[in-house]
1. Give the residues of segment 215-235 that are crowded, with 17+ Cβ neighbours inside 10 Å and assigned to a loop (DSSP other than H, G, I, E, B), sorted by residue number.
2. How many residues, within segment 141-157, are in contact (Cβ under 8 Å) with a residue 12 or more places away in the chain and in a helix (DSSP H, G or I)?
3. Just name the residue that is surrounded by the fewest Cβ atoms within 10 Å (Cβ to Cβ) out of those in segment 94-150 that are among the polar types (S, T, N, Q) and modelled with pLDDT under 85.
4. Name every residue in segment 173-202 that is modelled with pLDDT of 85 or more and within 20 Å of residue 120 (Cα to Cα), in order of residue number.
5. Need the failing condition index for residue 325 against (1) on the phi < 0 side of the Ramachandran plot; (2) in contact (Cβ under 8 Å) with a residue 60 or more places away in the chain; (3) touching a strand residue (DSSP E or B) at 6+ places or on another chain (Cβ under 9 Å); (4) crowded, with 17+ Cβ neighbours inside 10 Å, just the number.
6. For residues that are surrounded by 20 or more Cβ atoms within 10 Å (Cβ to Cβ) and either over 24 Å from residue 210 (Cβ atoms) or of a type in the set (Gly, Ala, Ser) (or both), tally how many sit in segment 288-304.
7. Only residues that are within 46 Å of the chain's Cα centre (by Cα), closer than 17 Å to residue 179 by Cβ and not polar (S, T, N, Q): list them for segment 111-150, please.
8. Take residue 64 and decide whether it is basic (Lys, Arg), in contact with an Asp or Glu (Cβ under 7 Å, 6 or more places away or on another chain), assigned by TED's automatic domain parsing to the domain that holds residue 247 and at pLDDT 90 or above.
Amino acid sequence: MKKILLWLVMALLLVSCSEKTPQELFDSSKSGVVLIINKFYYRMKLPNGNFVYFTGIDDDGSLKDMCTEYKDIKDKCQILSGTGFFIDEQGSLLTNRHVAQPEIDKEAVKNGFNQMISSLRAYYAEQMSEMSQYYQVLENQKGDCYAYDEDGESYEDTEKLQEIESQQSELEEQFDKVKAVKEALMENVSMDELQITPVCEIGIAYNGTHVSSYSEVLQRNPCAVVKVSGKENVDLALIQLKDRVTPNDCHVFKTDGSANLSMAEELKEKFSSHDDKTLQIDQELYMIGYNAGPTLANTQQGIQVQMTSGKVTQLPDGERVLYSIPTVQGSSGSPVIDAKGRLVAVNFAKLIGSDNFNFGIPLARVEEFLK
């Protein structure tokens, strides 16, 4: 009889379903997903050791907000938002590289910088030309300082001559200064001579909390960048709370493809021969993130994360997986999970021209990055 009961229990366990409803998935996972705020600018070290600061590239190709002093850039920093999620108890969060360290087209920066240098050199050359022309005008005026009286005796207007010579002396000094500045400007700088670094201040806001400003987010929960992927096609970054402690009430996502299962679900997984960790076409997936950043997240109940769903539309190729989950800016770095709550990808890009076809970084690449 005991054997029969045991087999009945086992049978019940094996037919139990470990899939969760969308509401259950959302309720169990939302606390582990955070809104990321990044306040940043770019610092460029020149070949002569000096620094140039800027916030991006304007439509005309020039360097936006370019200056040579930190005090002039600190109040012009750019702000971007993204999504991240906890992966351990030490305050580590996974997100996209372009969220943690905003990338910039270095070739465009070089072109913009060289364009600026060329314009400055032309400007200073024009100034030097104008000063040379005026110097010659003054030189010609010296002739008016000499004359002959009725007796044929020559005399000079000493006061006027001294005034002209004083003006010429000032022009020579200005000319030399402008010439020195012009000659100090580098011409056609190559990328090897420029070192461009994003300087970032990062903070996070938790689901359900109230925040009134970007500064509050940055000061309340500051983070540091721990690691960024060096592979062009792996848009991942690891950031960490500066206190290195994940709050007790925050969900921690597993990065090994497993989920938090009940005993019955674990037994079913153990005895099942079906490998449902492999993504299938038309499989339902869910993304939890902050679409449009604070714009949508801010509610009367505080910051609220959103969950959207879609289906696998193209199988992973080793670098990315395509799904029909709708997204907008701000969802970068969001966790993508299956019906059991298992992490399967990290959202990172959308198909140009469509909000309903988006790319995620497959779990295999996530595991490889975290090693």
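The values are calculated or read from the model by the stated rules, or taken from the named source; none is laboratory data. Computed from a predicted structure; not experimentally measured. No Cβ is skipped: glycine too gets one built from the backbone with ideal geometry, and neighbour counts run over all protein chains shown.
1. Taking segment 215-235 as the starting set, the residues that turn out to be crowded, with 17+ Cβ neighbours inside 10 Å are 217-218, 221, 223, 225, 228-229, 234-235.
Matches in segment 215-235: 221, 229, 234, 235.
2. Of segment 141-157, the ones in contact (Cβ under 8 Å) with a residue 12 or more places away in the chain are 141-142, 144-145, 157.
The next check asks that each one be in a helix (DSSP H, G or I); those that pass are 141-142, 144-145.
Residues in segment 141-157 being in contact (Cβ under 8 Å) with a residue 12 or more places away in the chain and in a helix (DSSP H, G or I): 4 in total.
3. Step one: of segment 94-150, the residues among the polar types (S, T, N, Q) are 95-96, 101, 111, 114-115, 118-119, 127, 129, 132-133, 136, 140-141.
Subsequent filtering for residues that are modelled with pLDDT under 85 retains 111, 114-115, 118-119.
Values: 111: 14, 114: 16, 115: 14, 118: 13, 119: 11.
Ranking the qualifying residues of segment 94-150, first place goes to 119.
4. Within segment 173-202, 173, 174, 175, 176, 177, 179 qualify.
5. Among (1) on the phi < 0 side of the Ramachandran plot; (2) in contact (Cβ under 8 Å) with a residue 60 or more places away in the chain; (3) touching a strand residue (DSSP E or B) at 6+ places or on another chain (Cβ under 9 Å); (4) crowded, with 17+ Cβ neighbours inside 10 Å, the lone unmet condition for residue 325 is (2).
6. 3
7. Hits for segment 111-150 are 117, 120, 121, 122, 123, 124, 125, 126, 128, 130, 131.
8. Numbers: basic (Lys, Arg): yes; in contact with an Asp or Glu (Cβ under 7 Å, 6 or more places away or on another chain): yes; assigned by TED's automatic domain parsing to the domain that holds residue 247: yes; at pLDDT 90 or above: yes.
Taking the combined requirement at face value, the residue satisfies it.
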